[in-house]
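To start, the structure itself, in structure tokens.
The values are calculated or read from the model by the stated rules, or taken from the named source; none is laboratory data. Bear in mind that the values here come from a model prediction, so they are computed numbers and not experimental data. Here the Cβ positions follow ideal geometry from the backbone for every residue, glycine too, while neighbour counts run over all protein chains shown. Just so you know, the surface numbers come from the protein's heavy atoms only, side chains and all, with ligands and any DNA or RNA stripped out. Shrake-Rupley method; radii C 1.70, N 1.55, O 1.52, S 1.80 Å.
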Amino acid sequence: MKIYISADIEGCAGMAAPSEANPEHSDIRYFQEQMTLEVNAACEGALAAGATEIYVKDAHWTGRNINPRRLPKQVRIIRGWTGHPFSMMAELDRTFSGAVFIGYHDRAGSGGNPLAHTFSGRVVSEMRINGVPVSEFHVNTFIASSVSVPVLFLSGDQKLCDTAKRFHETLEVVPTMTGIGAATVSIHPDLAIDSIRAGVQRACAGDIKRIPLPSASAYAIEIDFKQPEGAYRSSFYPGVKQVSDTTLAYTSKDFFDIATMIHYCVR
Ligand SMILES: [Zn+2]
């Protein structure tokens, strides 16, 4: 069993402020350690359930937050950004049995996490696919489905976990915190770690083949930009329609095209 783990930081236990997610600020160090420990717990859970290979994508900001030495020896870690449109899911392919998401956060425009954003807090005010507002987790589940990899587990803020459960009833989740205004109410960091280890083990030991792969016959994406100049610049991407000063629309039957459009238009 080969497991893919995509890890962000804004949904790790205790996170509350922008400086705590910023690699140029010393506030991030404690949270890089918490992210490392939460990812390590996910690896331990997967190994206990029989995983033989694990890839970890460090998917926050520089892509260089996790301390690789603290992870089990079976792990390969992807640090930095390959430039592939799969982005936070780089190197994912059909050889993986399942995908695990650690430290994820709710979407731009949500009150569920003071650090909520979708790919770029500077650029995107809301992103919708087939009319539904989507988070990074949601987009990445479509990427996983596009290569037939089921989504097994999610940890992150409570609102993201609640929304995710509506789309994936079978998903194992560990809510680490609840966002209230510019604050968070978080569980203890060690309880988050223990719950993630147990939850990932349960998820990987379950009947993975029965997990549905979310997909649609066509994907219509709309991106609301914060600034009109961002929307104008990206409106020249082939196939994109500009539907208002700040909104772009694009449609494809192939989710790879949608991932590629996001990759080039949100920057
Ligand atoms: Zn992040």
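Would you mind working out the magnitude of the charge dipole of region 176-267 relative to its Cα centre, with +1 at each Lys and Arg C-beta and -1 at each Asp and Glu C-beta, to the nearest 20 Debye?
Working: 9 positive and 9 negative charges, 46 e Å.
For region 176-267, the charge dipole is close to 220 debye.
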R0 = 35 Å: FRET efficiency of D190 with K241, Cβ-based, nearest 0.05?
-> 0.10
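Multiply the residue gap between K73 and Q227 by 0.36 nm, knock off their C-alpha separation, and tell me the result in nm, one decimal place.
Gain in length upon complete extension: 50.9 nm.
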Which is farthest toward the positive dipole end of region 1-73 among G50, H60, F31, measuring Cα position about the Cα centre, with Cβ charges +1 (Lys, Arg) and -1 (Asp, Glu)?
-> G50
Nearest-20 debye value, the chain charge dipole, Cβ charges on Lys, Arg, Asp, Glu | 540
Of the cross-linked pairs K73/K226; K209/K253; K2/K241, which ones have a Cα-Cα span greater than 32 Å in the structure shown?
-> K73/K226; K2/K241
Lys/Arg Cβ at +1, Asp/Glu Cβ at -1, dipole of the chain taken about the Cα centre: which of S148, A13, Y250 is farthest positive-ward?
-> S148
Among DSSP beta bridges lying fully in the chain, give the percent that are antiparallel, nearest 5.
-> 45
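So which chymotrypsin sites (Phe, Trp or Tyr not before Pro) in region 190-249 pass both tests, a DSSP loop state and at most 10 other Cβ atoms within 10 Å of the Cβ? Write out the running numbers ahead of the final one.
Numbers: sites: Y219, F225, Y232, F236; in loops: F236.
Here the chymotrypsin sites (Phe, Trp or Tyr not before Pro) that fit, given the DSSP loop and packing criteria, are F236.
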Any idea what the dipole of region 99-219 comes to, in debye rounded to 20, about its Cα centre with Lys/Arg Cβ at +1 and Asp/Glu Cβ at -1?
-> 240
For the chain, max minus min Cα coordinate along each principal axis, in Å, sorted largest first?
-> 50, 40, 32
So how far apart, in nm, are the two label points at F256 and S26 if each is 7 Å from Cα heading toward Cβ?
-> 4.7
Projected onto the charge dipole of the chain (unit charges on the beta-carbon of Lys, Arg, Asp and Glu, signs +1, +1, -1, -1), the Cα from G121, P228, M89 with the largest positive-side position is that of M89
Find the accessible area per residue for the chain; the probe is 1.4 Å, ligands and nucleic acids are left out, and the unit is Å².
-> 44
Whole-number value, in Å³ per residue, for the convex hull of the alpha carbons of region 49-207 is 126
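Ignoring ligands, DNA and RNA, what percent of the 1.4 Å accessible area of the chain is carbon and sulfur?
Values: 5780 of 11640 Å².
Carbon and sulfur atoms account for 50 percent of the accessible area of the chain.
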